[in-house]
Amino acid sequence: MGIERPRESRRDEIDAIVETKAGGVRETRDEADKYTVVGAAERRTFVNWLTPIEEHFVCHRNDIPDIDRDAWIVSLTGQIGGDISMSDIEDEFPTVAVAHTMECAGNGRGQHRPETGSVQWGFEAAATAFWTGTPISSILRKHGVESADEKWMTAIGGDPADGDDVFARSIPLAKALEDCLLAYEMNGEQLPREHGYPIRLIVPGWYGVNSVKWVEELRITNSMVTEGSLERPGEHAFWQQESYRIHPEGVEPETNETVETVDTWEQLEGAVDHPYTFDANVMSVVGIPDGKAPVTVPADGTVDVRGVAWAGDDAVSGVEISTDGGESWDDAELFGPDYPRAWRLFRFDWDAEPGTHVVVSRATDELGRRQPAKISEPDAWRDALENDDFPWNEGGYAANAYEPNAVEVEIRRADGISSPG
Ligand SMILES: Nc1nc2c(c(=O)[nH]1)N[C@H]1C(S)=C(S)[C@@H](COP(=O)(O)O)O[C@H]1N2
Ligand SMILES: [Mo]
């Protein structure tokens, strides 16, 4: 299992990333000092549909590997075989560009009370980019994979393991064939090193952990990765079977070779004992007003409330806005680009009175699943869902409660008068 001392190179790596990203991101507190984590520096990131690379969060555990792009090989293993080079990937297959809203499964972990340790993300670990690359289906079909047949695809990162844990994540082969890609460009630019250069997996609509960076092996098998199932040294199952599982305090999730249900919310509702973090739960964030300064409105004008909402594999069906901390709600309007597995923009004309108000958004997906209000007490576990709560869980994963993301806004009239709020 992972070593318990802080990784010394981490500090320098974070500083270098913040510098490259010119202040668009800032460091997030990591209790254990193990992860390289930076998230959107400003709430205003959540006003734009396309997230500039500079504002896109970064999250990984190990050092960024040293890369010689021309020597980089992706090995195809398990029930297929072969090696593909970067020029094979870029030149021998069709090229696609896919919009994907990536959210770290730990986004919202910092809102768990009591705290759960590890990286204390608020809502800053979410972003939408265009990823350009080669469809997994094109590569696998050329290597004889005809159909998904309940199989799994495991992607393995070439990052040097912190301790012995190989960074290996498995997704159903059906998902891999449906819409996943090996990406070498982000927003039309060469993939930055911290985002997985020279090549990474993109799993559209699923939590970030599934989108393995610095991919060096794609493995097709009947089962997801379990301990000892890879043909390489080290511990194999930590990232799939132990970490990134949703479970109550003090529980060790059991290893599964396969699960029938991958939808994270359905797993939470009871389909899987200790859910895996696969597709992202319905979520939204207000981008403006950002609460940083009082908003001055003309006497008969309105305040522009805008933000983003997403729901993993599912479409967002609506967003509601409350300007009184969740007492009453109005419908916002969805607008702008509408790509599957990428967030939607929303806006609301707020007829605001002078004073201090708590503004919050809540989204509903096409299956009628709405963001819960808050994160439960630690012992509630699945009962939380019946109270419109999100279940507090030991790893702090997949939280999508809306109350913790509220923003306090002070409204002034154009004459500068702000009544006590
Ligand atoms: N090889 C490798 N891939 C990885 C990780 C990692 O530690 N190693 N971190 C994952 C996690 S937890 C997240 S949230 C996403 C973040 O991708 P980004 O840094 O490009 O935003 O990368 C994923 N891919
Ligand atoms: Mo993550």
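Which value, in Å to one decimal place, does the Kirkwood hydrodynamic radius take for region 2-271 when every pair of different Cα atoms is included?
For region 2-271, inverting the mean 1/r across all distinct Cα pairs yields 19.0 Å.
For a protection proxy built on the mean count of beta-carbon atoms within 10 angstrom, sort 318-324, 47-53, 335-341 highest first, please.
318-324, 47-53, 335-341
Need the list of lysines near residue 175 for cross-linking: C-alpha distance under 20 angstrom, and skip anything on the same chain fewer than eight residues off.
Straight-distance partners of residue 175: 142, 151, 213.
Which whole-angstrom value gives the distance between the alpha carbon centres of region 148-203 and region 232-282?
18
Tell me the angle of helix 9-20 to the major Cα principal axis of the chain, expressed in degrees between 0 and 90 and rounded to the nearest ten.
Relative to the chain, helix 9-20 is tipped by roughly 60 degrees.
Return the calculated 222 nm mean residue ellipticity for the chain, to the nearest 500 deg cm²/dmol, obtained by summing -39500 (n - 2.57) across DSSP H runs with n ≥ 4 and dividing by the residue count.
Calculated from helices alone, the mean residue ellipticity at 222 nm is -2000 deg cm²/dmol.
Which far-off residues, 5 or more places away or on another chain, put their amide H under 5 Å from the one on residue 158, with H placed in the peptide plane?
Correct list: 215, 216.
Ranked from highest to lowest mean number of other Cβ atoms within 10 Å per residue, what is the order of the peptides 55-63, 348-356?
55-63, 348-356
Springs between alpha-carbon pairs under 10 angstrom, Gaussian network model over the chain: which of 80, 288, 139 fluctuates most?
Checking each option, the largest mean-square fluctuation is seen for 80.
From the phi angles alone, apply the Karplus equation (6.51, -1.76, 1.60; θ = phi - 60°) to region 212-220 and give each ³J(HN,Hα) in whole Hz, x where the residue is Gly or Pro.
Calculated HN-Hα couplings, in order: 5, 8, 6, 5, 10, 8, 10, 10, 9 Hz.
Would you grab the residues whose amide H sits under 5 Å from the one on residue 130? Only those 5+ places off in sequence or on another chain, please, with H modelled 1.01 Å from N.
Correct list: 187.
Mind ordering 19-30, 238-249 by average Cβ neighbours within 10 Å, highest first?
Result, highest mean Cβ count within 10 Å first: 238-249, 19-30.
Got the relative contact order for the chain handy, in percent, Cα pairs under 8 Å and 6 or more residues apart?
Reported relative contact order: 16 percent.
Can you work out the accessible area per residue across region 285-421, with the rest of the protein chains kept in place, probe 1.4 Å, in square angstrom?
45
Note the per residue figure in Å³ for the convex hull of the C-alpha positions in region 83-149.
Each residue corresponds to 156 Å³ of Cα convex hull volume.
Enter the accessible area per residue of region 30-174 (Å², integer; probe 1.4 Å; all protein chains in place).
Value for region 30-174: 34 Å² per residue.
Out of residues 5 or more away from residue 181 or on other chains, whose amide H comes under 5 Å of its own, with H placed 1.01 Å from N in the peptide plane?
Counting only residues 5 or more places away or on other chains, the set is 136, 202.
Can you work out ³J(HN,Hα) from phi for every residue in region 352-364, in order, using Karplus 6.51 cos²θ - 1.76 cosθ + 1.60 and θ = phi - 60°, giving whole Hz and x for Gly and Pro?
Karplus-based 3J(HN,Hα) across region 352-364 equals 8, 8, x, x, 10, 10, 9, 9, 8, 10, 9, 10, 10 Hz.
Using a 1.4 angstrom probe on heavy atoms only, work out the carbon and sulfur share of the accessible area of region 61-215 in %.
44
The values are calculated or read from the model by the stated rules, or taken from the named source; none is laboratory data. Small disclaimer: the values here were computed from a predicted structure and weren't measured. Virtual Cβ from ideal backbone geometry, glycine too; neighbours counted across all protein chains shown. Each accessible area value is taken on the protein alone, full model and side chains, heavy atoms only, with ligands, DNA and RNA left out. Shrake-Rupley method; radii C 1.70, N 1.55, O 1.52, S 1.80 Å.
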